[in-house]
Amino acid sequence: MSYSVGVVRMLQELEDLAKKQGISLFSVAPTPEEERKKFGLPFAIVLAVRLSSSCLERVVDRPTKLYLHHYKQVNYLLDRAALLLTNYIQEKGKDALPIPASQVIDWTEMKGDLSHKKMAHLAGIGFFGRQSLIVSPQFGARMRLVTVLTDLELSPVGRPIDAGCGDCRACIKACPAGAIKEQAEDFDLSACKAQLDIFRKGIGQHICGICVKACRGQK
Ligand code: B12
Ligand code: SF4
Ligand code: SF4
């Protein structure tokens, strides 16, 4: 397949801009039908920022204050990079919409405006691991995600990667709620949520970090 030089160059400029801001992984995907209907924007840029391994190693049986701070800072970095890309695209005369890294729109349904995991999977950032997080070859689940939707033409787009957990079951063993099963589809969200409700009483936020820590990548 051939791509216009201008379109490829624009993609490279966006990736360079993102990487200069501290973004670890950059990829794009065509916006799937459902999200396209909702937002009217045909392309999605997905960004990932790796987490500090040293910070995660200090998470043993519950989230630490250090992890809480790190989690917030990574969200700020993702949101800031998404905003910079948005403005860059707008200056080119196109539309762009940054979806917050970690905003819950509906607490009953536990949903954000858009699933970053779904977009990251489509963009080829990683696969759905047993703990239902996106696992990248580079960082495992030790990363956080953000998405920018746009009508700027972007190509070449990424595609889902052909990889999986293999023989690893580290997160199943580590999860204090017993929420993680053999298949990602069988993940017990209510058990996880109940555990996070407990952690929230201690730390003030629905975070955990245990299955994130368990899932290390190559780096
Ligand atoms: C609300 C929320 C939660 C809720 C529950 C959300 C839920 N319903 O699953 C609670 C508070 C429990 C939670 C917990 C955690 N969360 Co959370 N959460 C979110 C948030 C803000 C919205 C998620 C959402 O809209 N869910 C609604 C449903 C519809 O979407 P979904 O679960 O993403 O999945 C759909 C698609 O993926 C689709 N699908 C498409 N293809 C495929 C293929 C396969 C194989 C499967 C299984 C599914 C699938 O199926 C699902 C249903 O439609 C997102 C940020 C965001 N906007 O995406 C972060 C996010 C998902 N959370 C994240 C993390 C890391 C966590 C925690 C580890 C907490 C922490 N930081 O310590 C735990 C992990 C729990 C776990 N093992 O999954 C990260 C995941 C990063 C990653 N590497 O994948 C996100 C993306 C935040 C971020 N900016 O990085 N979270
Ligand atoms: S976030 Fe914690 S409780 Fe939820 S699946 Fe991961 S390890 Fe289990
Ligand atoms: S820790 Fe192992 S089993 Fe769990 S999601 Fe990561 S690779 Fe898969």
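None of the figures in this text is laboratory data; all of them are computed from the coordinates on show. These numbers come from a predicted model, not from an experiment. Cβ: placed from backbone, ideal geometry, glycine included. Neighbour counts: every protein chain shown.
Between residue 19 and residue 68, what length comes free when the chain is fully extended (0.36 nm per residue of separation minus the Cα-Cα distance, one decimal in nm)?
Extra length from residue 19 to residue 68 when fully extended: 15.2 nm.
Please report the net charge: other residues with Cβ closer than 15 Å to the Cβ of residue 178, K and R +1, D and E -1.
+1
Roughly speaking, what % of Cα-Cα pairs in segment 112-219 are separated by over 22 Å, rounded to a whole number?
Value for segment 112-219 (Cα pairs over 22 Å): 36 percent.
So what is the calculated 222 nm ellipticity per residue for the chain, using -39500 (n - 2.57) for each DSSP H run with n of 4 or more, over all residues, to the nearest 500 deg cm²/dmol?
-12000 deg cm²/dmol
If you line up the long axis of helix 65-91 against the longest principal axis of the chain, both from Cα atoms, how many degrees apart are they, to the nearest 10?
Helix 65-91 sits roughly 10 degrees off the main axis of the chain.
To the nearest 20 Debye, how big is the dipole of the chain about its Cα centre, given +1 on the beta carbon of each Lys and Arg and -1 on that of each Asp and Glu?
The dipole of the chain has a size of about 840 debye.
Compute the distribution of all C-alpha to C-alpha distances in the chain, in bins of 10 Å from 0, and list the percent of pairs in each, rounded to whole numbers.
Taking all Cα pairs of the chain, the binned fractions are 8, 33, 36, 18, 4, 0 percent.
Taking loop as defined by DSSP and a crowding limit of 16 other beta carbons within 10 Å, which GluC sites (Glu not before Pro) in segment 134-203 fit?
153, 182
Using bins 10 angstrom wide from zero, how does P(r) for segment 52-148 break down, in % of all Cα pairs?
15, 37, 38, 9, 1
Taking Cα pairs under 8 Å and at least six residues apart, what relative contact order does the chain come out at, in percent?
Relative contact order, the chain: 26 percent.
Using alpha carbons only, how many degrees (0 to 90, rounded to 10) separate the axis of helix 5-20 from the longest principal axis of the chain?
For 5-20 against the chain, the angle is about 40 degrees.
Taking Cα pairs under 8 Å and at least six residues apart, what relative contact order does segment 28-92 come out at, in percent?
Relative contact order here is 25 percent.
Can you tell me how much longer the chain between residue 200 and residue 185 gets when fully stretched, taken as 0.36 nm per residue apart minus their C-alpha distance, in nm with one decimal?
Value of the extension gain: 2.9 nm.
Charges on Cβ only, +1 for Lys and Arg, -1 for Asp and Glu, centred on the Cα centroid of segment 5-214; of 119, 129, 53, which one is farthest towards the dipole's positive end?
Ranked along the dipole, the leading option is 53.
Using a Förster radius of 22 Å, what is the FRET efficiency between residue 9 and residue 91 based on their Cβ-Cβ separation? Nearest 0.05, please.
It comes out at approximately 0.90.
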